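Comments concern the structure below.
The values are calculated or read from the model by the stated rules, or taken from the named source; none is laboratory data. Bear in mind that the values here come from a model prediction, so they are computed numbers and not experimental data. Neighbour counts run over all protein chains shown; Cβ positions are idealised from the backbone, glycine included. The accessibility values were calculated without ligands, DNA or RNA, using every heavy atom of the protein model including side chains. Shrake-Rupley method; radii C 1.70, N 1.55, O 1.52, S 1.80 Å.
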Amino acid sequence: MTAPLLEARDLVRHYRAPGGYFRARGTVRALDGVSFTLHAGRTLAVVGESGSGKSTLARQVTMVETPTAGELRIDGRDVNADAAYRKALRPQVQMVFQNPYASLNPRRTVGQLLEEPLAIQRRCTARERRHAAYTMLAKVGLRPEHYSRYPHVFSGGQRQRIAIARALMLRPRLVVADEPVSALDVSIQAQVLNLLMDLQQEFGAAYLFIAHNLSVVRHIADDVLVMYRGKVVEQGRKHDLFAHPQHPYTQALFASTPRLRARSHEERQTLPLPAPESWPLAPDSGP
Ligand SMILES: Nc1ncnc2c1ncn2[C@@H]1O[C@H](COP(=O)(O)OP(=O)(O)OP(=O)(O)O)[C@@H](O)[C@H]1O
Ligand SMILES: [Mg+2]
């Protein structure tokens, strides 16, 4: 059997508590023995309340931080054992952040934002980069004239489209998205989720998708990981987990959003989002 694209084995990340000393009492166990696998082209949603360690997990997976203990494997190899391997992996693991107002450099045009990753990798000529940027703009539902505009003229949904486009320029095999739609208007969230799913079909990237909103998870995930205080309390296929949450914490999480609880099999099949056919491509107003 082929190795999963991503595997975490007993991943631990501690932080020194602000103002404390490095001792048990002053240590935040942001990740406390997290294990899971994510296969190529699939979507694993990570849910859990604020402070449960979701963004900490994202920072380990994107190799921005090094775990305190445990292993993070990509293609079966520990990414933290070998700096050269980590460097080779960086373009293959990209990130989409929650807030597209903060994550896009306001001094760069859309074209520059999209071409930058290619320029850093020195993979192609300026002309090829420009062509790749225009192509990607179209794929995320933006128009050619957007190429030379600055982020501030775009709406939130459009900015997130730009951030997604930028993340995909290097054709990553893994995209870590930390609450990518929770800063957007509810009406825009479905469009951006739909876009992410279409792009996954097209490019085949696996998603590690962090979310608060269970209707978002229900829509986008294949598998779900439920975190509580740095630990995984439950994980499994989305359908099983939504139909029969086993852990009391998962049950409580679901119960806290009662309108998402399926009362019948019929309802369970239906998304609490408008039907995909009715989603326009880029109707949110902007330039
Ligand atoms: N750099 C840091 N230094 C100290 N503590 C940290 C640091 N980063 C995170 N923490 C702590 O680690 C724990 C997990 O934080 P994390 O940001 O991963 O949670 P989260 O699940 O992403 O929460 P949210 O849903 O609010 O984004 C929290 O207790 C947080 O205060
Ligand atoms: Mg977070």
Query raised in the report: How much length is gained if the chain between ARG237 and THR135 is pulled fully straight, taking 0.36 nm per residue apart and subtracting their Cα-Cα distance, in nm to one decimal?
Result: 33.3 nm
Requested in this report: Pull up the cross-link candidates among the aspartates and glutamates for LYS238, meaning alpha carbon to alpha carbon under 17 Å and not fewer than 8 places away within one chain.
Outcome: ASP222, ASP223, GLU266, GLU267
Requested in this report: For the range 32-89, give the percent of accessible area contributed by carbon and sulfur heavy atoms, probe 1.4 Å, rounded to a whole number.
Outcome: 46
Query - Average accessible area per residue (Å²) across the chain - probe 1.4 Å, nucleic acids and ligands excluded - result: 50
Query - Karplus-derived HN-Hα couplings along the range 102-115 (A = 6.51, B = -1.76, C = 1.60, θ = phi - 60°), whole Hz, x at Gly and Pro - result: 9, 8, 9, 4, x, 8, 10, 6, 4, x, 5, 4, 6, 7
Report summary line: Bridge orientation stat for the chain from DSSP, antiparallel percent rounded to 5, came to 55
Query - By average C-beta atoms within 10 angstrom, highest first, the peptides 120-127, 149-156 - result: 149-156, 120-127
Requested in this report: Could you calculate the contour length gain from SER182 to ALA252, that is, 0.36 nm times the residue separation minus the distance between their Cα atoms, to one decimal place in nm?
Outcome: 23.1 nm
Report summary line: Going residue by residue through the range 182-194, the Karplus relation 6.51 cos²θ - 1.76 cosθ + 1.60 with θ = phi - 60° gives ³J(HN,Hα) values, rounded to whole Hz and with x marking Gly or Pro, of 6, 8, 9, 4, 4, 5, 8, 4, 4, 5, 6, 4, 4
Query raised in the report: What Kirkwood hydrodynamic radius do you get for the range 82-124 when you take the inverse of the mean 1/r over all pairs of distinct Cα atoms, in Å?
Result: 12.2
Requested in this report: Against the globular-protein guess of 2.2 N^0.38 Å, express the Cα radius of gyration of the chain as a ratio, rounded to two decimals.
Outcome: 1.03
Query raised in the report: Whose amide H sits under 5 Å from the amide H of LEU225, counting only residues 5 or more places off or on another chain, with H placed in the peptide plane?
Result: ALA45, VAL46, VAL47
Query raised in the report: Do the sum for the chain: with -39,500 (n - 2.57) for every DSSP H run of n ≥ 4, divided by all residues, what is the mean residue ellipticity at 222 nm, to the nearest 500 deg cm²/dmol?
Result: -10000 deg cm²/dmol
